[in-house]
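S.K.: I'd like to ask you about the structure that follows.
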Amino acid sequence: MDAQKYLNEIKGRFPGTADAAPERIKDGVPALLCPAPFLFEIVKYLKAEGFNYLMDLCATDYRDSLEVIYHFCALETNVKLTVKVRLDREKPELASITPLYPGADWQEREAFDLLGINFPGHPDLKNLLLPCGWEGHPLRKDYSRKPDQYD
Amino acid sequence: MGILLDEAPYILENFPGGGIVITSADWFINWSRANSLWPLTFGLACCAFEMISANMSKYDLDRFGVFPRPTPRQADLIFVAGTLTKKMAPRLKKLYDQMGEPKYVISMGSCSNTGGPFYDSYAVVKGVDKVIPVDVYVAGCPPRPENLIEGIKKLQEKIKKDTIKNNGRAKIFK
């Protein structure tokens, strides 16, 4: 069963999910654009279907919105699948998938740190890369740096 | 060397011929300090590899008496080799404070001199002299081991101009 069949299955099961824009798809890995409230359920379904490896979890700033991108892989069948979630810039919030994939722990902390995305359900959501007490999220496009004693 | 070097010069000055004793002592102490610089290796980025290479058999820093130490308490000198981030800066300050006097700093490479290619980054300190006082700046990105040896020779020149009367710190470096 290849990845497109999983996509069709998910699209039938969860209303509001759609294929990602073709120009955003890289290396022929099919991508799914899903609304934030369904993410946890979709990931749970994918894990039950054999996608046992979270290859990467990253986030980007598209100026008008933020996007969190999940790359899944089924190691037994070598099927790859991408899930993308668009988030509101003002109050980005997305359910944590760390309870399902413990490997997502530090990736989510990184996204929290550098882009300010909140992951409710994460066991230990705190700074990963930046020093304690850092203000602002440096990977946001509108981040402006405040000079400190080291500048 | 504690009390001896702190107090002795000021007592000796008052005796006839005391100056001769001080300058002779200066010569001997500076000679021994300059020829046994034990560095704390503070490798932060790619400059660290040039520093390692300078310590290895081809360039052999040991012939200048430079012998890397793993702890600040045994070190006279610190090589800051690489990009100092703002998160790392308090750690560098702490290690520098743990070194015994007299202590010297060689800033190695563009990043530790000025911030280098990461000057505009939000996370990088624009020169280690924002955190600790630097004696010798070694230019290069990264500097070759020859440059580092040149920096050490410069530092030795500086130490040899020193006098125990100002407690192991040359005031002016020309």
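S.K.: For the protein assembly as shown, compute Rg over Rh where Rg is the Cα radius of gyration and Rh is the Kirkwood radius from the inverse mean 1/r over Cα pairs.
M.R.: Details: Rg = 28.8 Å, Rh = 24.1 Å.
Dividing the radius of gyration by the Kirkwood radius yields 1.20.
S.K.: What stretch of chain A, leaving out the sites themselves, is the longest with no GluC sites (Glu not before Pro) in a DSSP loop having at most 10 other Cβ atoms within 10 Å? Show your work: numbers first, answer last.
M.R.: Details: sites that count: A:GLU76, A:GLU90, A:GLU135.
With a cap of 10 other Cβ atoms within 10 Å, the longest stretch comes to A:1-75.
S.K.: Continuing with the same structure: Whole-Å semi-axes of segment A:3-94's equivalent ellipsoid, largest first, each the root of 5 times a Cα gyration tensor eigenvalue? Mind showing how you got there, number by number?
M.R.: On the way: eigenvalues 87, 40, 33 Å².
Over the Cα atoms of segment A:3-94, the ellipsoid semi-axes are 21, 14, 13 Å.
S.K.: Could you check what % of the DSSP bridge pairs in the protein assembly as shown are antiparallel, to the nearest 5? Don't skip to the answer; put the middle values down first.
M.R.: Numbers: 20 of 39 bridges.
In the protein assembly as shown, DSSP labels about 50 percent of beta bridges as antiparallel.
S.K.: Mind giving me the FRET efficiency for A:ASN118 and B:ILE52? R0 is 56 Å, r the Cβ-Cβ distance, nearest 0.05 is fine.
M.R.: Numbers: r = 43 Å, r/R0 = 0.76.
Calculated value: 0.85.
S.K.: Under 19 Å from a point 7 Å along the Cα-to-Cβ line of A:LYS11: which residues of segment A:48-70 have their amide N that close?
M.R.: A:70
S.K.: Still on this structure, please answer the following. Build a GNM of chain B with springs between Cα atoms under 10 Å: which of B:PHE118, B:PHE64, B:PHE15 gets the top mean-square fluctuation?
M.R.: Sorting by GNM fluctuation, first place goes to B:PHE15.
S.K.: Would you mind working out the magnitude of the charge dipole of segment A:3-94 relative to its Cα centre, with +1 at each Lys and Arg C-beta and -1 at each Asp and Glu C-beta, to the nearest 20 Debye? Write out the running numbers ahead of the final one.
M.R.: Numbers: 13 positive and 14 negative charges, 29 e Å.
For segment A:3-94, the charge dipole is close to 140 debye.
S.K.: Could you check how much of the accessible area of segment A:3-94 is carbon and sulfur, as a whole percent, using a 1.4 Å probe? Walk me through the intermediate numbers first.
M.R.: On the way: 2450 of 4810 Å².
For segment A:3-94, the apolar C and S fraction of the accessible surface comes to 51 percent.
S.K.: What aspartates and glutamates sit close enough to A:LYS126 to cross-link, taking a C-alpha to C-alpha distance under 16 Å and skipping anything fewer than 8 places away on the same chain?
M.R.: Correct list for A:LYS126: A:GLU93, A:ASP105, A:GLU108, A:GLU110, A:ASP113, A:GLU135.
S.K.: Accessible area per residue for segment A:107-151 in Å², computed with a 1.4 Å probe and the full protein assembly in place, what is it? Before the final figure, lay out each step's value.
M.R.: Numbers: 2610 Å² over 45 residues.
Spelled out: the 1.4 Å probe surface of segment A:107-151, per residue, equals 58 Å².
S.K.: Moving on. Counting only DSSP beta bridges with both residues in chain B, tell me the antiparallel percent, nearest 5.
M.R.: Of all bridge pairs located within chain B, approximately 5 percent are antiparallel.
S.K.: A follow-up question, please. What accessible area, summed over both chains, is buried at the B-A interface (1.4 Å probe, Å², nearest 100)? All intermediate terms of the calculation are to be shown ahead of the outcome.
M.R.: Working: alone 9540 and 8670 Å², together 17200 Å².
The buried area between B and A, both sides summed, comes to about 1000 Å².
S.K.: Okay, moving on. Okay, helix-only estimate at 222 nm for chain A: each DSSP H run of n ≥ 4 adds -39500 (n - 2.57), divide by all residues, round to 500 deg cm²/dmol; what do you get? Don't skip to the end; give the middle numbers.
M.R.: Numbers: 3 runs with 33 residues, N = 151.
The per-residue figure over chain A is -6500 deg cm²/dmol.
S.K.: Quick check: the angle from helix A:104-115's long axis to the longest principal axis of chain A, C-alpha only, nearest 10 degrees?
M.R.: It works out to around 50 degrees.
S.K.: Helix A:3-13 sits at what angle to the longest principal axis of chain A, using alpha carbons and giving 0 to 90 degrees rounded to 10?
M.R.: Roughly 90 degrees between the two axes.
S.K.: If you don't mind, another one. Taking all protein chains in place and a 1.4 Å probe, what share, in percent, of the accessible surface of chain B do carbon and sulfur account for? Please list the in-between numbers first.
M.R.: Values: 5480 of 9030 Å².
C and S fraction of accessible area: 61 percent.
The values are calculated or read from the model by the stated rules, or taken from the named source; none is laboratory data. Only a predicted model underlies this, so the values are computations on that prediction, with no experimental measurement involved. Heads up, the Cβs are rebuilt from the backbone with ideal geometry, glycines too, and the neighbour counts pull from every protein chain shown. When the accessible area is computed, the model is the full protein with side chains, heavy atoms only, and any ligands, DNA or RNA have been set aside. Shrake-Rupley method; radii C 1.70, N 1.55, O 1.52, S 1.80 Å.
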